[in-house]
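The values are calculated or read from the model by the stated rules, or taken from the named source; none is laboratory data. Note that the structure is a prediction, hence the values are computed from the model and not measured. Here the Cβ positions follow ideal geometry from the backbone for every residue, glycine too, while neighbour counts run over all protein chains shown.
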There are 2 protein chains.
Amino acid sequence: MGYRPNLRARAFSRGRTHGIGLLYTDDAWIFEGMNTQVVNSLVRALQRSKYHLVFAPIDSSGAWEEIVLGGQIDGCFVFQSLPPEVLTAVRERELPVALLGDNSDPTMSQVVVDDMAGAYAATKHLIGLGHKRILFFVHQTIKPHCSIGERLAGYRSAIDEVGLKRHECMLAPEEDAIDILVRGDNRPTGIVCYCNLEATLIVHAMWQYGISIPANLSIVGFNDLFATKYMTPPLTTVGFDAAKIGELGARLVLQDIATPHAKRQPVVMTVKPKLIVRGSTGPAAVRVAPRTA
Amino acid sequence: MGYRPNLRARAFSRGRTHGIGLLYTDDAWIFEGMNTQVVNSLVRALQRSKYHLVFAPIDSSGAWEEIVLGGQIDGCFVFQSLPPEVLTAVRERELPVALLGDNSDPTMSQVVVDDMAGAYAATKHLIGLGHKRILFFVHQTIKPHCSIGERLAGYRSAIDEVGLKRHECMLAPEEDAIDILVRGDNRPTGIVCYCNLEATLIVHAMWQYGISIPANLSIVGFNDLFATKYMTPPLTTVGFDAAKIGELGARLVLQDIATPHAKRQPVVMTVKPKLIVRGSTGPAAVRVAPRTA
DNA sequence: ATGAAAGCGCTAACAG
DNA sequence: CTGTTAGCGCTTTCAT
């Protein structure tokens, strides 16, 4: 009979807004790559439970404080790492929370990707193709993040296992990597990239140098996206189910909302990545002299 | 002295949540391409004014009704086209609103991109390079959207202006476009793509056929993204300032919120695109026989 | 000027 | 089990 409950009054009376915050800093790039898929699944998973996502970028305006402390949200997601004062505020408010892509605080629920396993599989793939000199490369624009260490560990584990020599180029400009790939007689024939960004940059650079992929250089990346699938050549990459992260994360905080603070238990859920072999990797290269760019 | 106003109580008392809805359907792909930048700027522009974005995907759950009719939001953005009952609800609620990427209702405020000018510039660019057979291509996965017609009109206007023949391949699978590009003696030497998706697909296909770009085929796309900038070759494309769309949109609805319903005036704001010339276009091709894929 | 009080629309506790 | 009422915490109006 046309009656509509007033959601503001209900929120006031019940002490719940049915909003869940998404706390993130600029450098988390939540609107890039796989992250958008995580966010998308977050929105949908929450909507299914009659909740909505409240975006709370942490910036100098301090608007996040209003949101977190003012009772605008019933729980929140912490996207990657955050300034300590934000975590403190969340804790003191006893706000249900799930960390997304951050494992720095074992007392909080979290969902993480098994990056180590992913990088291990990627490196093993190159080793299996006969590559002996394999570079691990992280571009300088990548911000410090736990996955860097995880992926590096996976790479090292595979390399060490077969007694190869490590070649690491960490948080460096791509010029450094190109230098290593193009100069000297002992150039790497394979490269494990931190993510699709490095892969894209390197493919682009090699194209300029006339080094063909995978004939002369094999490349593995991370992240399975439209753009990587249609690179020339299509990128061999470590993919994972990003939507699952959102679903699991939503379940965690919704569960905690329904649980009195005292009986909440931090739980960590892991999503397993898998290697997707495409055209950017092949048997260890017969080397050709690079032409100058 | 540590006092925190309770936002729920304030929302109740004042009758405003400081939330602005983002109404969209699945097929609007708001987490793809330029759209993510629009959304991102929306979030930031609102936060600057102490508002927050409430994502309201229109799905079968009908959750949007609660949000729109239940007073969960003080205004909203309509992202591309929506089912008519949603628009009706928005209108009846007299909710301040701005259309984003949709010009179907002149009685509502809106911000649009001048797609016609963009496509015109793209086509003129190819004409200027001496191309005589220029194809306009929209992939089948693109959903009906006003920009398709606009871009087509821009293409036609440029083509007709110099008396060339139109070649249009609308809402077709890429196989159709490839067919046109690869078979026969009178193949197009230039192609205007609806967006970066078509450009990516075509570049990928031509790579398989051994047709080199831009030597044998020139391609112009739409959207300026990391992925298009680092394509091989880098894509000549029509770019526009997506962040501006969010800023203007936010201004429009915030303004209307501060204005009594009776005195609100629909205003349309246009953002001008510009052609970014990169490596995927060059002088009209000397044709080579395609090798079989 | 400052301070008291009514009211927003719902929920939950309580009385009948 | 149904019907009444107090109360959530702020804003705004009205009296002082």
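Some observations on this one:
- Leading residue by the ranking (nearest to the other protein chains (Cβ to nearest Cβ)) among those in the stretch B:45-68 that are hydroxyl-bearing (Ser, Thr, Tyr) and surrounded by fewer than 20 Cβ atoms within 10 Å (Cβ to Cβ): B:SER61
- Only helices (runs of 4 or more DSSP H) whose full extent lies in the stretch A:145-245 are considered here, and the ones with at least 2 residues that are away from chain B (no Cβ under 12 Å), within 26 Å of A:VAL111 (Cα to Cα) and not β-branched (Val, Ile, Thr) are A:146-161.
- Only a single criterion out of (1) within 9 Å of chain B (Cβ to nearest Cβ); (2) surrounded by fewer than 22 Cβ atoms within 10 Å (Cβ to Cβ); (3) without any contact (Cβ under 8 Å) to a residue 60 or more places away in the chain is not satisfied by A:MET1, namely (1).
- Odd one out for B:HIS18 among (1) in contact with a Gly (Cβ under 9 Å, 6 or more places away or on another chain); (2) within 16 Å of DNA strand D (Cβ to nearest atom): (1)
- Flag for B:ASP115 being over 21 Å from B:TRP29 (Cβ atoms) and of a type in the set (D, E, K, R): no
- Those strands (runs of 3 or more DSSP E) of the stretch B:1-102 in which 3 or more residues are farther than 18 Å from A:ALA63 by Cβ and more than 16 Å from DNA strand C (Cβ to nearest atom) occupy B:19-24, B:75-79, B:97-100.
- Residue under evaluation A:ARG8, criteria (1) within 16 Å of DNA strand D (Cβ to nearest atom); (2) surrounded by fewer than 19 Cβ atoms within 10 Å (Cβ to Cβ); (3) over 22 Å from A:ARG264 (Cβ atoms), criterion not met: (2)
- Test: residue in the stretch B:129-143 that is more than 14 Å from chain A (Cβ to nearest Cβ) and at pLDDT below 95: yes
- When residues in the stretch A:69-87 are screened for being surrounded by 23 or more Cβ atoms within 10 Å (Cβ to Cβ) and among the β-branched types (Val, Ile, Thr), 2 of them pass.
- Residue match in the stretch A:87-109 (condition: hydroxyl-bearing (Ser, Thr, Tyr) and under 17 Å from A:ASP26 (Cα atoms)): no
- The set of residues in the stretch A:204-247 being free of Cβ contacts under 8 Å to residues at least 60 places away in the same chain and of a type in the set (Lys, Arg) consists of A:LYS229 alone.
- Qualifying residue in the stretch B:103-116 (condition: in contact with a Cys (Cβ under 6 Å, 6 or more places away or on another chain) and assigned to a loop (DSSP other than H, G, I, E, B)): yes
- Residue that is farthest from B:LEU100 (Cα to Cα), among those in the stretch B:114-134 that are buried (at least 22 other Cβ atoms within 10 Å of the Cβ) and of a type in the set (Gly, Ala, Ser): B:ALA122
- B:LEU42 more than 14 Å from B:ALA243 (Cα to Cα), touching a strand residue (DSSP E or B) at 6+ places or on another chain (Cβ under 6 Å), touching a residue at least 24 places away in the same chain (Cβ under 8 Å) and surrounded by 19 or more Cβ atoms within 10 Å (Cβ to Cβ): no
- Beta carbons closer than 6 Å, at least 6 apart along the sequence or on distinct chains, never pair a first residue in the stretch B:250-269 that is free of Cβ contacts under 8 Å to residues at least 60 places away in the same chain with a second that is acidic (Asp, Glu) and surrounded by 17 or more Cβ atoms within 10 Å (Cβ to Cβ).
- Residue match in the stretch B:88-98 (condition: buried (at least 24 other Cβ atoms within 10 Å of the Cβ) and either among the aliphatic types (A, V, I, L, M) or within 25 Å of B:VAL220 (Cβ to Cβ) (or both)): yes
- Residues of the stretch B:135-186 satisfying the condition of being charged (D, E, K, R) and surrounded by fewer than 19 Cβ atoms within 10 Å (Cβ to Cβ): B:LYS143, B:ARG156, B:ASP160, B:GLU161, B:LYS165, B:ARG166, B:GLU168, B:GLU175, B:ASP176, B:ASP179, B:ARG183, B:ASP185
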